[in-house]
Structure formats: C-alpha cells, structure tokens
1. Defining a contact as two alpha carbons under 8 Å apart and six or more residues distant in sequence, what relative contact order in percent does the range A:34-110 show?
2. Go through A:460-468, A:49-57 and give me the packing order, highest mean Cβ count within 10 Å leading.
3. How high is the FRET efficiency from residue A:301 to residue A:212, r the C-beta distance, R0 35 Å, rounded to 0.05?
4. Quickly work out the residue B:65-to-residue A:573 label distance, labels modelled 7 Å from Cα along the C-beta direction, and quote it in nm with one decimal.
5. Between residue A:452 and residue A:99, take the C-beta separation as r, use R0 = 41 Å, and let me know the FRET efficiency to the nearest 0.05.
6. Other chains' Cβ within 10 Å of A:97-110 residues: what's the mean?
7. If each of residue A:361 and residue A:222 carries a label point 7 Å out from its Cα toward its Cβ, how far apart are those two points in nm?
8. Averaged over B:31-39, how many beta carbons belonging to a partner chain fall within 10 Å of each residue's beta carbon?
Amino acid sequence: MSEVLPRFWDWRFPTFRKCREAYVAAKTKRREQRWQTIVSIAGLPPLATETIGKVVRRSRLWRGERSDVAQELIAHFQDGLESETSPEELVQKFGDARIATKLIRRAKIRCRPMWWQAWWWVSRTLAALIGIYLLMAVWQAFARPSVKTDYLALHNAPIIATPEQDRAWPLYREALVEMNWMELPKWFYEINPKKIQPSEQDWPAFAEWLRANRHAVDLIRTGSRRRVIGLAHHENMTDYSPADRAALEYLTPGALSEIAPFPPNAHDRSGLFDTNLADIHQMPLLTRILLLDYLYQVKQQQGAAALDALQAMLGLSRQCDHGSFIQASSIAFEIQTEALQAFERTLADQPTLWTDRQLTDFAHTLAANEFHPNRWLQGERYKFEDILQRIYNDDGQGDGRITPAGLEFLQKLAGPGLNGIVFGKTPGERLMHKPNLRPFMNAAILPRVNMLVASRKEMLAMYDRLLKDAERQFALPFRVHAEENGWLGEHPENNQFPYERYLVAYRFFPGNLSTRSHMELTAARKDAALLGIALELYRREHGDWPKALADLTPRWLPTLPIDRINNRPLEYKILDGHPTVYGWGYDGDDDGGRLPNLCDGRSDYYMRLIRNHPAGYLWNEGDDGDWIIWTTAPPSPQEEPKPVEE
Amino acid sequence: MKLENELMRGAGPTAVLQLLVAGEKYGYELVQALEQQSGGVLAMGQSTLYPLLYNLEAKGLVTSRFDESGARPRRYYRITASGKKRLAVTSKQWAKLFDAMKSLQVLPQPATGGAT
C-alpha cells in the first residue's frame, strides 16, 4: 500500500491528479496487470480500497478478470467521490462485500468462453463421479459373504439317512483295503481295458491277481447290488474318517481346491463347490476290477458269473448316477459304456456263452438302467446356489453384490480374463499381479466389477434360465438339440447374453450339449446291446436273422430304438451274412451301412461314434457314411482307428 | 421504499435494459439513474448492479467496452439487438402484470369520467 497516495494531494493539486490518472490508465492497458497494483495506484481512500480489495481478492477469478473488476469498481468509487459522496456512504451503499464477491464471481464465470464452460461442467461431473465411485469402493470393500445355507449338509442328508444295509461303501471300502489297492500292479493302470484279452502276455498275471483277490471282488459285486454308495462327502480329504481315507486317499488332499479355491479368509469351508467326490472317483477302479473279472469268467466259459460281473458294473453305474452331480453322472455313463462294450464283443464272438434266460434277464436289467438328467441338473443348481452365497453378500431380499472375497474367487476362476475385462490392456492389469497392491487394486475395481457382473438375483435367474433351456433341450431329439447348439456349441459367444455379465452362471452351468452327447452315446450303446440280444434270441428260435427289425417286436423288444442322430427309424441289412443295424449318421443319408472315412486324427468329442467293436470311432460332421449301431461282422483292418490327438 | 429482493430480481434487469435504450452508460451512471428515475424504488445495492450487468452480458443482452479516453478508464454498457427484443417481451409482460394487478385492485383503478 506504499504506492497509495493520499487523496489530499489529488484535491489540492488537480494537475497532479490528472497525471496520476493518465499513468493508471496506461498501466491498466495491460489486462494481465496485477489487480493489487491497479488498486494501489488508484488513490482511493483506504476504506474504498479495502472494500475493493476484499471483493476482488475473494473472487478467485482469473487475473485478467480480477483486473477488470478492480478497474470497474475503482471507477465506481471514483465517480462516487467525484459526486461529493463520502467514502463511508459509498461503501455503505455498495453493500455487503461478501455477497458482492459471490455474485460477481458467479456472473463473471458465466461470461467465460464456451470451451471453458464445457470443461468446467465435465470436470465437475467427473469429479463427482469419481467421488461417488470412491465412496462405493469403500462401502463395497467391507462387504462380506453371508453363508446361510449349508448345502453340503443338504446334499449329505439323504446319504446319512440311508440305512446301513443299503449302503455299498462299507463293502467297497473293505474290498479296496483288502486288495491293497494302493499297491496294485503297474499293469493294472497302464493297460488299455479294451485290450484286456486272454491273448495278452499279462493275462496269467491278471488271472493270478483275480484268484488272490476273489473275496475282495465278491465284496464289490455284493456292494453293487445295494441302492446307493452311501458315503457322505466332505470338502477336504482330511475330513473323512481314517478308515475311509484308507480306501480313498488317492487324490492329493485339497487337489480339487487347487483348481479354483475360495480364498481362505472368505470362509472356513468352501462348501458344495469344493466337495471331494472321492468315492465316485474310486468307481472307475472298481469297474476295472469287475471288467477284469468279467473277461476272466468269459475265458473260463462261466456265462452266469460273467453276466454277474456285468450286472455289478451296471450297479456301479446306477449308484454313480445317484451322485446328483454331472461329474458323477459322467462316470456313470463311462461305467455302463465299458460294461456294454465288453458285452457286445462277447455276444458277437461267443453268442452261445449265455442261455436264453440269462440273456433275457440281462436285457431286463439293462433296460431298467436309465439316467435322469433332471437329478444332476438339480444337484448342480444346489452347487451353484452355494457358490453364489460365497461370492455375493446378502441384502436380505435374496439379492447382493460381489464381495472382495468373491472377487478373488472370480479372478482365479476367470484367470487374467476378468482383469482384462475390467482394465483392458492398461498398466492397471499389470498392477494386479503385484501381490502387495492386489488388495488395494481389488478394492478399486470392485465397484466396476459390480457394474459389469450381474447381481446375485440376476445371476441366479440366468442360471435358472439356462437350466430351463437345458431341460427343454434334453427333451428334444439329439439332432435338433445339437443343431440348436451349433453341434460343437456351448461356446459363450453362442449365447445371446454377455458372457462377462453372467460369467458365474456360464462358467458353472454344466456342459449341456457335451453331457447330452455323452448320454446319447451311452443310451445308443444300450440300444445296441438290447438289439444284439433280441437279434440273437430271434436267430436261436428261427435259425436265421430276421428279415426286418419289426420282426423283433414285441416279443424280443417292446419298441425299436431309433436313429438318435436323425430321429428316424434305424436301417437294417444283412451284409455278408452279418446283421447290421445302422442310422444315417451325421451326413443324413443312407450309405447302405457303410462306415465313413473316419479316424483322421480329429478329436471332436461331441461327434464320437459308437460301434460294436473294440475300438471307438470319431465322427466328424459332414463325413459320408452311416452310424453302425450293431453288427456281428468283425472290424476290418481299415476300420481300426488311428491314434487320436486329444 | 425499496422493492423486496424477489421483485427486484425480476425488475432489475428490465430496468437496466430500459435505461440502456437511451444510450450506453457506465456503472455508476446506471446506479444514479436507477435511483433518481425510479424515485429510489429501484435503488439496488450498488454491488449487485455489476453482477447484474455481467449476467446480462453473459446472456448476450448487453455488450461492454472499456473506454480509456475519458478522465478515467470506464466500462460502458450498451444494449444489443437481443437485449432490445428481450426488453420488448418483458415490457409486455410487465404491462400485463400491471393490468392484472389493477384488475385485482392491488393497484388503484384509473379515474373514470365525471362524478355522478
């Protein structure tokens, strides 16, 4: 304020005043000039100077704007003073400096250029959004999953309620321990079951092993006649009793957890998702033992004992199908397929091994062995509900948002994919891999994930939608089902809903078409076995093969099976003296019972072809040829499959 | 008598625009004109005049220029074509409001004819 000259000099020396004002005018040409300078050289009374200073200083406008305001207010006060108004009165009439500051600032900002106005609004909006996002991040960082239902206990309840005499597990356990299953001969695991033949060099060893373990094999046979396996499941191997573990512990403890474990801090137990179906995983081993026994009995020409071994395998298959999970059902399919493959081969090669009565009884048992997809679909839904309650929190209305613990699980589940979804290809994605930063990064991305991924209720609704669609598709003919799914379907992009949003539902929904395909192939093999028995019984009574398949009904078959691929009647021909039953195959036309040129090394699982000779076939869409269900003709050398690259 | 704030908020811009129809004016000149020509009714806090002018300028109803040729540098304000249009509109509205107030006898009725 040292530059402020007393107004006294202005009054006494008008010439001096004019010079000074000219100087001020020259100074104010530069709009960037500091407003303090302008005010200080204006020569106003201290009261007016102070008022202007307050208004301009507090306005927080740009420098040029402040200078403009300062000049205008200086002129205002100077005009007022010139009209003989006292400084006190002028300041009083000017009004409250605080209000003036606020109004001037607001009005001046409105005068700013359009680009600035746009930037101002955008930046404020962004700041507000960031603020809201951060609040959401803090709020969501404290969300915890609320595990209210013990689905594992629900799953185990019917198993525990099963009477002891209906449970096969005690017998299986005894058999496994008795045969010292952990020390089974190496050949037992290495040999291809399809090649367990008396001609094999290891056959004497097989036979010796069977004789030594006869009691254990009989225990398995007895157990297979019981209703269920009857072992309650646990998440970890350590939760099983020592006696059970002695018969189970071939899986590394926690091996299933290594696939996608829930984070340990989310909950102590990981529930139905991580349930170790250790008993189900032992069933293929028991199947192999029974298959070995079957082949041994065939070799000994013991038809009844051989059929008993087959019945036992079907029993194992039925027990697995009670497992309520797709994994258990898949093993059930495999077991039945193994049993029927062996049976078909024997029936074609040694049809006289069994009496009419034995074949009829076996046909009845086989016909009753049906799989029910609705059972495992429901079991999988329980599993899914359990997963949801461990990923999401619960708002009390059945809905909820993903929790930090759930996010960690999703990241393991989706791999880097989920981070990519959230961050794109940005440095943020790389930061996710730094363990120290991970909790913070997770807290930061959680609101975004919750925006991207469906809520708990939406996710369950999507799962139910998929479930309903699966049930509908299971009721469709296989070909229609497969065509709906694009034959090799089940890729997320085939679905009409965004994969990222319904990631959990899509990831945990069981493979619909692949399971259906597996089930159809198992059912087709059953058709083949029943047809083979009916044809054999017909031949025994009439001395020749029937002229048409219709001749088999209703005496030997209540109804004829259909071409499962084309949903039409099967074709039947006598080729080189061998009855041949076939469907048109995936090319959809009749090639006279000729196999397509197969086995080119492709491994389209869905198109796997069954046939009644020891080797399986692969079938590819568009292959020209038929799907042979049953024939007594031996496989020709060119039909032998080439190795398949899995 | 001074107007209440709410009334002044509506009347102030119209009054300023009307004053500028006669020609360009600077801030203090407008302050004085408002006070004198309205008999003190429209005398607003002088500090509120300048924000009012800046707002009118932001809306394009007035323009300003900085004149340094006079005794002291001053900012002069002039009404624009948009300002004139707006003034015409608001003037009509004020007239209607005035008539309505008269009809409601909030304002005195004009004298009619001779006495009976």
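The values are calculated or read from the model by the stated rules, or taken from the named source; none is laboratory data. Remember, it's a predicted structure, so these values are computed and weren't measured experimentally. In this analysis, Cβ positions are derived from the backbone assuming ideal geometry, glycine residues included, and neighbour counts consider all displayed protein chains. The area values use the complete protein model at the heavy-atom level, side chains included, leaving out ligands, DNA and RNA. Shrake-Rupley method; radii C 1.70, N 1.55, O 1.52, S 1.80 Å.
1. Answer for the range A:34-110 is 39 percent.
2. A:49-57, A:460-468
3. In this case the efficiency is close to 0.95.
4. Calculated label separation equals 10.5 nm.
5. E between residue A:452 and residue A:99, to the nearest 0.05, is 0.30.
6. 4
7. A separation of 1.9 nm, rounded to one decimal place.
8. 1
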